[in-house]
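Read through the structure below, which is laid out as structure tokens, and then see the notes.
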Amino acid sequence: MSDTSLSPSTSPATITSTLPSSVPSPELKDLTLEPAEVSEEDKVEALRLKGEANKAFTSHDFPTAARLYTESIEKNPNEPTVWCNRAYARMKLEEYGYALSDAAQAIQIDPRYAKAYYRRATCYMQILKPQSAVLDFKKILALEPKNETVRAQLVSTQKLIRKIEFEKAIEVEGEKSPVDRCYEIIAEGGCDLEKNYAGPKLTLEDGKYRITHEFIKAMIEWFKDGKMLPKRYVWEIVLGAHEQFSKTDSLINVDLEEGVTCDVIGDVHGQFYDMLHLFSLTGEPNQEHYLLMNGDLVDRGSWSIEVILTAFAYKWLYPNYMFINRGNHETKDMNRTYGFEGEAKHKHGEQSYKVSIIHSTHFRLLNRLKLFAHVFTTLPLATLVSATKTPAIKGKPHPILSPQGFKRYFVVHGGLFSKDEVTLEDIRKIDRIGRQPGQEGLMCELLWTDPQDEPGRGPSKRGVGIAFGPDVTKRWCTLNSVSGIIRSHEVRQDGYQVEHDGLCTTVFSAPNYVDQAGNKGAFIRIDSAGTQQYFQFEAKPHPPLKPMAYVQGGLGSMLM
């Protein structure tokens, strides 16, 4: 399948990407057990629409399926299977907040509908509320005592909850950072390079490892052969990238001088072979061509280690040309749930994700320090990409320009805020290192929010963060003299979508997401005049390993 380049003059009006979300479900407080009166004619039409929706779902056209289930519900809101089916379609769109409401409505209509409890439990797992999922699993088993699949998922979820509680209990206030402890272990000889290692070699100079372009190319080929780096090299790459990230503010500036371009890359989610194809299209980072990866490099795809080590290796080698923003999946809770933690342990042992310190005499666990999890907290939260040439302005409306009269773009994984007055300086000063985004506040909103078509702000379709409308985007861009927002975080069937009157663009770079979405990938190229050009690409084959292969406790199929 060929790759497609779209002209920078492409009008937003001609773009046919899928709408970002389906219509919200009613709030639970508005639901009623009283059935609506429905004519026989409407029942027949509702059944026909349900059949069409089922066909769209089977074809992986989840946005169309959600729309058709909605039309069926409008004809006959008394049929619980349609609510449950729409919940499933919305789950495929990662609209877990909306899906949870749909499943709850199906349960209200039919309190013995086991599948609806299962859909709701899945949504609770997706939004990191396993305790609520346990209650629904138990309800299913009360209805279906012989359902061993659900029983196994209940046990796995209960184990996950105990693990989370244990990790919270052993966290020590004021402990050394994982990075400092790794350096100590290296100095003590606790992570020496295995003598029988025969793969690509880092350069050793004056007792310190250095990275080269030749090493990265050889490492990529090593990965393509299904081989792993030794733990010492994993640590060196992660620590080398950390040295660069830890120097920066939470908002960094990237200026595009004459002749320089920057490619903005959306979510890649552990799809290593698609990322390699993407890099063949963008080219490697260099002094005239920067790369900016806009978060969610890991989780879901089953080559997240290969993805993050490749990206971090480029950051170590080319700190001024390779940039990486944090996404909502570069976080501890998401890594625990969606596979990266399990993958890191499987491929490189406990020490690659958690550095366990064992007392030599009593063999007791004194501390558990998380290397990847900590380094993820040092990733910048956003990047301001600024042109340095005066733009050629044609027609109206005129773009919003920087105080110097240039275009500049705010690149962030999620989006905007629950209040209007947030400034670039507020973002720059966020204390991010060592911190997780939580469920509210500026860091959470930067990583989790989504655009909506309606003006104002609305509830999150995901169950975390908010949704922001075109008026919110315009006010924020005007306040901060920003020409537009570039964000990721959501699948787009065409790989990208221009929204909010051209002020908000979503780019997603994981084609055929989790091997089932059927979407294209895309990236955006920005030049020194601030002109944007869009490139699309198709998925590439990969070895026979399914997404979510390393999710712990057998919950992978549930989270697909």
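The values are calculated or read from the model by the stated rules, or taken from the named source; none is laboratory data. In this text the structure is predicted, and so the values were computed from the model without any measurement. No Cβ is skipped: glycine too gets one built from the backbone with ideal geometry, and neighbour counts run over all protein chains shown. Just the protein is used for accessible areas: all its heavy atoms, side chains included, with ligands, DNA and RNA removed. Shrake-Rupley method; radii C 1.70, N 1.55, O 1.52, S 1.80 Å.
The table that follows gives values for the structure above.
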quantity: Which listed pairs, of Lys163/Lys217; Lys195/Lys247; Lys176/Lys347, have C-alpha distances above 28 Å, in listed order; calculated: Lys163/Lys217; Lys195/Lys247
quantity: Chain lengthening between Asp333 and Arg435 when straightened (0.36 nm per residue, less Cα-Cα); calculated: 35.5 nm
quantity: Lysines whose Cα lies under 28 Å from that of Lys394, excluding same-chain neighbours fewer than 8 positions away; calculated: Lys407, Lys474
quantity: Extended-chain gain in nm, criterion 0.36 nm per residue less alpha-carbon gap, Leu135 and Thr423; calculated: 99.5 nm
quantity: For segment 89-131: Kirkwood Rh in Å [reciprocal of mean 1/r, alpha carbons]; calculated: 10.1
quantity: Equivalent ellipsoid, the chain (semi-axes from 5 times Cα gyration tensor eigenvalues, Å); calculated: 38, 32, 21
quantity: Segment 245-288, accessible area per residue, ligands and nucleic acids excluded (1.4 Å, Å²); calculated: 35
quantity: Over segment 491-538, relative contact order from alpha-carbon pairs under 8 Å, at least 6 apart, %; calculated: 32
quantity: Other-chain or far-sequence residues with amide H under 5 Å of Arg210's (modelled H); calculated: Thr203, Leu204, Glu205
quantity: Relative contact order for segment 408-466, counting Cα pairs under 8 Å that sit 6 or more residues apart, in percent; calculated: 41
quantity: Reachable aspartates and glutamates from Lys389, criterion Cα separation under 17 angstrom, eight or more residues apart if same chain; calculated: Asp255, Glu257, Glu258, Glu288, Asp527
quantity: Gain in span if fully extended, Lys159 to Asp249, counting 0.36 nm per residue against the direct Cα distance; calculated: 28.6 nm
quantity: Residues of segment 47-113: accessible area per residue with a 1.4 Å probe, Å²; calculated: 39
quantity: Compactness index (Cα Rg / 2.2 N^0.38 Å), segment 451-553; calculated: 1.28
quantity: Helix-derived mean residue ellipticity, 222 nm - over the chain, DSSP H n ≥ 4, -39500 (n - 2.57), to 500; calculated: -12000 deg cm²/dmol
quantity: Relative contact order for segment 129-255, counting Cα pairs under 8 Å that sit 6 or more residues apart, in percent; calculated: 17
quantity: Sulfur and carbon atoms: percent of accessible area, the chain [1.4 Å]; calculated: 50
quantity: Counted charge near Phe417, where neighbours are those whose Cβ lies closer than 13 Å (Asp, Glu -1; Lys, Arg +1); calculated: -2
quantity: Whole-angstrom gap from segment 221-275 to segment 467-503, using each part's C-alpha centre; calculated: 25
